[in-house]
Amino acid sequence: MKKLQLALAATLVISTSLVPAFAQPHHKPKHVMLKTVAAGVAGYELAKHSHNRFLHKHRFAAGIAAAAATHHYLKKHHS
């Protein structure tokens, strides 16, 4: 239950940091959110299989950090 609450909180934080749909420029690719989610899942999986105890213990936070970093990069790259 704690992970579900943390996932909902992370989704809320990431979605509120996004520009509203009506204010987005028309040239922005639609695959940005898909890449963000994929990077988050990949970060989680890498941390889950890591031999680093810190990463293994905080794998959910590692996934969120990977998603946030990817989203930040994509926003800068496509602006």
*asked:* Suppose the filter is exposed (fewer than 14 other Cβ atoms within 10 Å of the Cβ), modelled with pLDDT of 85 or more, in a helix (DSSP H, G or I) and more than 13 Å from the chain's Cα centre (by Cα); does H72 pass it?
replied: no
*Are there any pairs, at least 6 apart or on different chains, whose C-beta atoms fall under 6 Å, with the first in the range 42-66 and over 15 Å from K3 (Cβ atoms) and the second charged (D, E, K, R) and loosely packed, with under 14 Cβ neighbours inside 10 Å, and if so, which?*
none
*Does V37 meet the test of being at pLDDT below 90 and either outside any loop (DSSP other than H, G, I, E, B) or surrounded by 14 or more Cβ atoms within 10 Å (Cβ to Cβ) (or both)?*
no
*Test K48 against the stated conditions and say whether it is surrounded by 12 or more Cβ atoms within 10 Å (Cβ to Cβ) and of a type in the set (K, R).*
yes
*Does the range 13-29 contain any residue that is modelled with pLDDT of 70 or more and of a type outside the set (V, I, T)?*
no
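The values are calculated or read from the model by the stated rules, or taken from the named source; none is laboratory data. Predicted model, so just to flag it, every value in this text is computed and none were measured. Note: ideal-geometry Cβ built from the backbone for every residue, glycine included; neighbour counts use all protein chains shown.
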